[in-house]
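Take a look at the structure set out below.
The values are calculated or read from the model by the stated rules, or taken from the named source; none is laboratory data. Please read these numbers as outputs of a predicted model, since none were measured by experiment. Ideal geometry is used to build each Cβ from the backbone, glycine not excepted, and the neighbour counts take in all protein chains shown.
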Amino acid sequence: MLVFPGLCHSCGGCAIVCPEGAIAEERHRVGTLKSGTVGGVDLVYGELELGEPMAVPVIREVKKRIRKTMDVIIDSPPGASCPVVETTRGSDFCLLVTEPTPFGLHDLKLMVEVLAGMEIPLGVVVNRVGIGDSRVHDFCREKGIPILLEIPYLRRIAELHSKGAPFSEEMPEWKGRFLQLFEDARRLAKK
């Protein structure tokens, strides 16, 4: 039998089915949890160890620290991978951020299907409006998915992003739009 430790999902299946009992599970560090407070907001996040392919165990540990009595925002990587599914599992609402390109539409369709299977309500933010075409908007309209915010493709936003500066801090007209986005997500969330 050939075992690939880098592909281990920590399910224990290989140890159970090994007819010789030759496989033993062992613990190893896959990541580190970190936490702090920024601007009155509690932040908990995980960092994968370099070369670790499996983010799901780190995501599970981060989610164990969620206080159910508070509004919580969980960010995930893009796409429709295992880490994204684990991040969204158990959520009251999912906000999908996409862009109006064929690639953005492809990933959006996948996540809409995944979230339908998980019975998680969703809304969409369309980023970089002005590039691509209208197919993302058409898809959302056809599926009855609310587009809660559109962010235009602007050089100023890109410059601020490249410096790590939230554009809503530098472009005050956006602060109210993001607060409205939060309220819209709360309203649409299953409770």
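For the structure I just gave you, tell me whether Glu99 is closer than 30 Å to Pro53 by Cβ, of a type in the set (Asp, Glu) and at pLDDT 95 or above.
yes
Limited to segment 6-27, what total is found for residues that are surrounded by 10 or more Cβ atoms within 10 Å (Cβ to Cβ) and out of contact with any helix residue (DSSP H, G or I) (no Cβ under 7 Å at 6 or more places or on another chain)?
Selection size over segment 6-27: 8.
Pairs only if they're at least six apart or on different chains, beta carbon under 6 angstrom, first in segment 39-52 and not assigned by TED's automatic domain parsing to the domain that holds Pro83, second in a strand (DSSP E or B) and loosely packed, with under 12 Cβ neighbours inside 10 Å; list them, first residue then second.
Correct list of pairs: Leu43/Gly36; Val44/Ser35; Tyr45/Lys34.
Could you check how many residues of segment 30-41 are over 19 Å from Thr88 (Cα atoms) and surrounded by 10 or more Cβ atoms within 10 Å (Cβ to Cβ)?
Matching residues across segment 30-41 total 5.
Go through segment 88-99 and give me each residue that's without any contact (Cβ under 8 Å) to a residue 40 or more places away in the chain and either in contact with a Lys or Arg (Cβ under 7 Å, 6 or more places away or on another chain) or not in a loop (DSSP other than H, G, I, E, B) (or both).
Thr88, Cys94, Leu96, Val97, Thr98, Glu99
I'd like the full set of residues that are free of Cβ contacts under 8 Å to residues at least 12 places away in the same chain and touching an Asp or Glu at 6+ places or on another chain (Cβ under 8 Å), limited to segment 23-35.
none
Determine which single condition Met54 fails, assuming it passes every other condition in (1) modelled with pLDDT under 90; (2) over 21 Å from Phe182 (Cβ atoms); (3) exposed (fewer than 10 other Cβ atoms within 10 Å of the Cβ).
(3)
Only residues that are among the β-branched types (Val, Ile, Thr), assigned to a helix (DSSP H, G or I) and more than 16 Å from the chain's Cα centre (by Cα): list them for segment 106-162, please.
Hits for segment 106-162 are Val136, Ile157.
Given the residues Val44, Val72, Val85, which is the only one that is part of a helix (DSSP H, G or I), surrounded by 12 or more Cβ atoms within 10 Å (Cβ to Cβ) and either modelled with pLDDT under 95 or over 10 Å from the mean Cα position of the chain (by Cα) (or both)?
Just a single option satisfies the conditions, and that option is Val85.
Hey, among the residues in segment 163-190 that are over 20 Å from the mean Cα position of the chain (by Cα) and among the charged types (D, E, K, R), which one's nearest to Ser91 (Cα to Cα)?
So, considering only residues that are over 20 Å from the mean Cα position of the chain (by Cα) and among the charged types (D, E, K, R), the one nearest to Ser91 (Cα to Cα) is Arg177.
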